[in-house]
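For reference, the structure is listed below as structure tokens.
The values are calculated or read from the model by the stated rules, or taken from the named source; none is laboratory data. Since the structure is predicted, the reported quantities are computational estimates derived from the model, not experimental observations. Cβ sites come from the backbone with ideal geometry, for glycine too, and all protein chains shown count toward neighbours.
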Amino acid sequence: MVMKASGGEHRARCCVAIPEIDTSKCISCGNCVEECPVGIVTLVDGKAVITNPEACSYCTECESFCPSAAIRCPIEIVLGAPES
Ligand code: SF4
Ligand code: SF4
């Protein structure tokens, strides 16, 4: 079994897994900004933005502390034979 981040259009372009942000749900609480261990989330016009996608470790801390499910780290589970 292989687990990997599912790809959005932006991630497919830059080949880096980053959280998905639904700005319509973001209530500007700043939790994701405070909890990101690598400091790559900021608020722009009151909405969360990932400023340096290449530095994201996909730790899911931002998702864990978001009270409105505005920032999410989806995981795609792929079932298959183990790689040799
Ligand atoms: S997944 Fe982790 S490293 Fe990436 S933006 Fe969220 S808190 Fe920061
Ligand atoms: S934790 Fe969620 S609601 Fe709060 S600023 Fe971040 S994305 Fe917006």
(request) Scan the helices (runs of 4 or more DSSP H) fully inside region 7-84 and keep the ones with 1 or more residues being on the phi < 0 side of the Ramachandran plot and modelled with pLDDT of 90 or more. (result) 31-35, 61-65
(request) Name the residue, out of Glu83, Glu34, Glu63, that is buried (at least 16 other Cβ atoms within 10 Å of the Cβ), out of contact with any helix residue (DSSP H, G or I) (no Cβ under 7 Å at 6 or more places or on another chain) and charged (D, E, K, R). (result) Glu63
(message) Among the residues of region 50-59, are any more than 21 Å from Val16 (Cα to Cα) and out of contact with any His (no Cβ under 9 Å at 6 or more places or on another chain)?
(response) no
(message) So, in region 24-39, how many residues would count as being more than 8 Å from ligand 1 (Cβ to nearest atom) and of a type in the set (Val, Ile, Thr)?
(response) 2
(request) Filter region 24-53 down to the residues that are of a type in the set (A, V, I, L, M) and out of contact with any strand residue (DSSP E or B) (no Cβ under 9 Å at 6 or more places or on another chain), then identify the one that is nearest to ligand 2 (Cβ to nearest atom). (result) Ile27
(message) Looking only at region 40-81, count every residue that is within 8 Å of ligand 1 (Cβ to nearest atom) and in contact with a Lys or Arg (Cβ under 7 Å, 6 or more places away or on another chain) and tell me the total.
(response) 1
